[in-house]
Structures are given as structure tokens and as C-alpha cells.
Amino acid sequence: ANVAAQNNPEKIYLTEEEQFWITEHPTITGSSNVAFAPYDFVNAGEPTGLSIDYLNLLTSKVGLKVEYVNFGSFYETLNMAMEQKIDVIHTLSKSEERQKYFNFSRPYFIDGLALYGRVGSEKINNINDIKDKRIGLVKGQYISTSYLRRYPDLNYVEFDNNRDALRALVSSKIDVYPYEIMPVEYAIA
């Protein structure tokens with residue numbers, strides 16, 4: 001995944017309606033995920049990561065401040081956003097269901113997906129190779145809902161975040177973990 005940003009001093013032009021809205025709402029709430037590094041995580045008690053930096057840069061250009069909130073799990077954060085208790089989830093994948101609740105920008109990064117297993121595990125070539133495996137999923141994430149919808153009869157174990165799923169994989173509580181490459185590679189490194 002490639003992400004780039006630069007501080008460009010050019011003026012941002014907003015409509016009168018947009019300017020009025022910002023005047024009336026100078027602070028917005030943004031999601032904070034403690035375990036989605038390198039995009040979104042907590043360091044020394046402060047939200048940080050590529051997505052946090054990107055959102056902070058965007059909001060600073062239009063005169064907004066962001067108050068970051070965390071509800072303990074991605075699933076709970078997603079529910080709070082659907083209830084309009086969060087203004088922005090900056091690391092949310094687009095789906096038909098989610099479009100009922102949210103407006104989406106163009107993606108500012110695209111990550112690949114991989115199936116992770118322990119060293120020495122048999123290679124996975126197709127869906128039949130994981131039928132007898134325990135599959136770790138992060139509750140509420142797009143990858144998870146896709147697997148649950150497409151393959152409802154597989155053996156799933158749900159987790160609140162990527163870190164907990166990786167710990168379960170290492171400790172043999174699950175056999176396979178389908179997830180985005182960058183957060184897993186970051187955690188491994």
C-alpha cells in the first residue's frame with residue numbers, strides 16, 4: 001500500500017453552507033482503533049498512525065478539530081457510528097450494507113488480503129483446504145462479514161481486534177486468519 005500526503009499551502013474553497021457547518025461544529029468525533037497499526041493505533045496514550053495523520057491533515061486544512069473515541073472493539077465502534085455517535089470512521093471498507101449508513105470517499109489506500117497460518121501448516125489452495133480449520137475473524141470487519149456470508153458453514157472464532165486474532169493464531173487457538181497484509185506484517189515486524 002502506498003500513502004502520500006504533503007502540506008500544500010493552497011487555499012481550500014468551501015461553500016457557504018460548508019463554512020457555516022464548520023463554524024457550528026468546530027470539533028468532530030473520529031474513530032480510534034487501538035490495534036490496526038500502521039493505520040490506526042495508540043502510542044503513549046495518543047491515537048496515531050497513517051490514517052490518523054491523514055485525517056488530522058485534512059481537518060486542519062478546513063479548520064476542524066478531531067476528538068478521537070474508542071469503544072473497545074471495531075464491532076462496537078461500527079455500531080456507534082451507525083447510531084451517529086461518531087462522525088468519521090477513517091479505516092472503513094465500503095460495502096452495500098455500509099452504504100446505507102455512511103458516505104464514502106475514494107480510498108486513500110488499498111491493501112491486499114492474505115490467509116495467515118502457523119509455520120509448518122499445510123498450504124491452502126482453495127476453500128476446501130480450510131473446511132476443517134478454525135478460522136479467526138475480527139467481528140464486524142468487511143473480510144469477516146464476507147466470509148460469514150459466502151461460507152456460513154465453516155468453523156469461525158471471532159475476535160475484537162487484529163492483535164487478539166494474531167495471538168490466537170500463534171497460540172494454536174485458531175488455524176487460519178484471513179486479513180489485510182499491512183496490519184499483519186506490521187504486527188509481525
### Query
Points 7 angstrom from Cα along the Cβ direction at Asn155 and Tyr13: gap in nanometres?
6.1
### Query
Between Asn79 and Lys123, what is the FRET efficiency for a Förster distance of 41 Å, r being their Cβ-Cβ separation, to the nearest 0.05?
0.65
### Message
Just the number please: accessible area per residue for the chain, 1.4 Å probe, all protein chains included, in Å².
### Response
64
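What does the charge count near Asp164 come to, summing +1 for each Lys or Arg and -1 for each Asp or Glu among other residues with Cβ under 11 Å from its Cβ? Could you put the intermediate results ahead of the total?
Values: positive: Lys139, Arg163, Arg167, Lys173; negative: Glu158, Asp160.
Surrounding charge for Asp164 is +2.
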### Query
Packing-wise, with mean Cβ within 10 Å as the measure, how do 95-102, 177-184 rank, highest first?
177-184, 95-102
### Query
Arranged from highest to lowest average of other beta-carbon atoms within 10 Å per residue, in what order do the peptides 17-28, 58-69 appear?
58-69, 17-28
### Message
Calculate the FRET efficiency for Ser60 and Val170 from the Cβ-Cβ distance with a Förster distance of 45 Å, rounded to the nearest 0.05.
### Response
0.70
### Query
Taking the Cα centre of the chain as origin and charging only Cβ (+1 Lys, Arg; -1 Asp, Glu), how large is the dipole, in debye to the nearest 20?
560
### Query
Relative contact order of segment 21-174: what whole-number percent is it, with Cα pairs under 8 angstrom and at least 6 residues apart?
22
### Size of charge dipole - segment 1-106 - debye, nearest 20, with Cβ of Lys, Arg +1 and Asp, Glu -1, no other charges
240
## Note on the structure
Only helices counted: for the chain, with every DSSP H run of 4 or more residues adding -39500 (n - 2.57) and the sum spread over all residues, [θ] at 222 nm is -8500 deg cm²/dmol
#### Entry: Helix 50-62 axis, angle to the chain major axis (alpha carbon atoms, nearest 10°)
20
### Summary
Honestly segment 40-127 on the Cα gyration tensor test (a ≥ b ≥ c root eigenvalues; a/c under 1.5 rounded, otherwise a/b vs b/c for prolate or oblate) is just prolate
#### Entry: Charge dipole (segment 22-178, unit charges on Cβ, about Cα centre) - positive-most of Ala165, Ile89, Ala44
Ala165
### Query
Give or take rounding to whole Å, what are the principal axis extents of the alpha carbon atoms in the chain, in descending order?
58, 34, 28
### Query
Straight-line reach from Lys61: which lysines have Cα under 23 Å away, leaving out those fewer than 8 places along the same chain?
Lys11
### Summary
Within the under-15-Å Cβ sphere about Phe109, not counting Phe109, Lys/Arg +1 and Asp/Glu -1 give a net charge of -3
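The values are calculated or read from the model by the stated rules, or taken from the named source; none is laboratory data. Because the structure is predicted, anything quoted here is derived from the model rather than measured. Note that we place each Cβ from the backbone using ideal geometry, even for glycine, and neighbour counts take in every protein chain shown. The accessibility values were calculated without ligands, DNA or RNA, using every heavy atom of the protein model including side chains. Shrake-Rupley method; radii C 1.70, N 1.55, O 1.52, S 1.80 Å.
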